[in-house]
Amino acid sequence: MNVSLIGMPSSGKSSIGVILAKMMRFNFIDTDIIIQNNTKRTLQQIVDSKGYLKLRQIEEETILSLNPEHSIISTGGSVVYSKKAMEYLKNVSLVVYIKVSFEEIKKRLGDYSLRGLAKPKDQTIAEMYKERTALYERYADIIFENHFKNATIAAEKLKELIDENI
């Protein structure tokens, strides 16, 4: 049993995921951290030097290399652009879309120029949100509305939802 968390950057995948893993006594895997450790670069450095499509390719390769057991997997926000990666995650885990309103994402992202977002330079955050939301909803086994201000409370509520669905 594994759980993969998908959603927009700043939706809470990593902060909720760490707490959820502790609550469920699962391992925690953050694919963004794996990418940074493997490449010895930040996500933004990869986007700046190789482009956003290269980051998406590295993300796909990273997901496909995982062999998770009893793990919470926090994915990068652009994982849904890879059909292969999403099919793999759906085969090895319950996929949870952590949904946050556009207004809240905009507020949380703030200056996103250093976030390493895997998107074309001319794409706005609003356009990215709309495009990705459709993909998140398509692949999700569970949609979790994260309107909580506290990651611990969000993790508790998400654990209840997961328990109901397994």
Contour minus Cα-Cα span, Asp141 to Tyr129, at 0.36 nm per residue, comes to 2.4 nm
Karplus-derived 3J(HN,Hα) from phi for region 63-70 (6.51 cos²θ - 1.76 cosθ + 1.60, θ = phi - 60°), whole Hz, x at Gly and Pro, runs 4, 5, 8, 6, 9, x, 9, 6
Given pairs Lys22/Lys157; Lys99/Lys159; Lys54/Lys90; Lys54/Lys119; Lys22/Lys107; Lys22/Lys119 and cut-off 21 Å on Cα-Cα distance, the over-length ones are Lys54/Lys90; Lys22/Lys107; Lys22/Lys119
Highest GNM mean-square fluctuation among Ser74, Ser15, Ser49, for the chain with Cα springs under 10 Å, belongs to Ser49
In whole percents, the bins of 10 Å from zero upward hold the Cα-Cα pairs of the chain as 11, 42, 38, 9, 0
In order over region 140-152: 3J(HN,Hα) from phi, Karplus 6.51/-1.76/1.60, θ = phi - 60°, whole Hz, x for each Gly or Pro, gives 5, 7, 9, 10, 10, 6, 9, 10, 7, 7, 10, 5, 5
The alpha-carbon pair-distance distribution computed for region 124-166, with 10 angstrom bins and whole-percent values, is 25, 38, 33, 4
Looking only at aspartates and glutamates whose Cα falls under 16 Å of Lys121's and that sit 8 or more positions away or on another chain, we get Asp48, Asp111, Glu131
So for R0 = 35 Å, FRET eff. of Asp122-Lys40 from the Cβ-Cβ r, to 0.05, ends up at 0.75
Toy charge model, Lys and Arg Cβ at +1, Asp and Glu Cβ at -1: region 21-75 dipole around Cα centroid in debye, rounded to 20, equals 140
Asserting the computed 222 nm helical MRE of the chain (DSSP H runs at least 4 long, -39500 (n - 2.57) per run, divided by residue count, to nearest 500) equals -17000 deg cm²/dmol
Along the dipole axis of the chain (charges at Cβ: +1 for Lys and Arg, -1 for Asp and Glu; origin at the Cα centre), the most positive-end residue among Gln57, Ala155, Ser15 is Gln57
Filtering trypsin sites (Lys or Arg not before Pro) in region 63-166 by DSSP loop and by at most 12 other Cβ atoms within 10 Å leaves Lys121, Lys149
Over region 37-118, the quotient of the Cα radius of gyration and 2.2 N^0.38 Å is 1.17
For region 92-156, the accessible surface attributable to carbon and sulfur atoms (probe 1.4 angstrom, ligands and nucleic acids excluded) amounts in percent to 53
Cα-Cα longer than 23 Å, checked against Lys40/Lys149; Lys13/Lys106; Lys13/Lys83, kept in input order, equals Lys40/Lys149
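The values are calculated or read from the model by the stated rules, or taken from the named source; none is laboratory data. As the structure is a prediction and not an experimental result, all values here were calculated from the model. Reconstructed Cβ throughout: ideal geometry from the backbone, glycine too, with neighbour counts over all protein chains shown. Areas reflect the complete protein model, heavy atoms only, side chains present, ligands, DNA and RNA absent. Shrake-Rupley method; radii C 1.70, N 1.55, O 1.52, S 1.80 Å.
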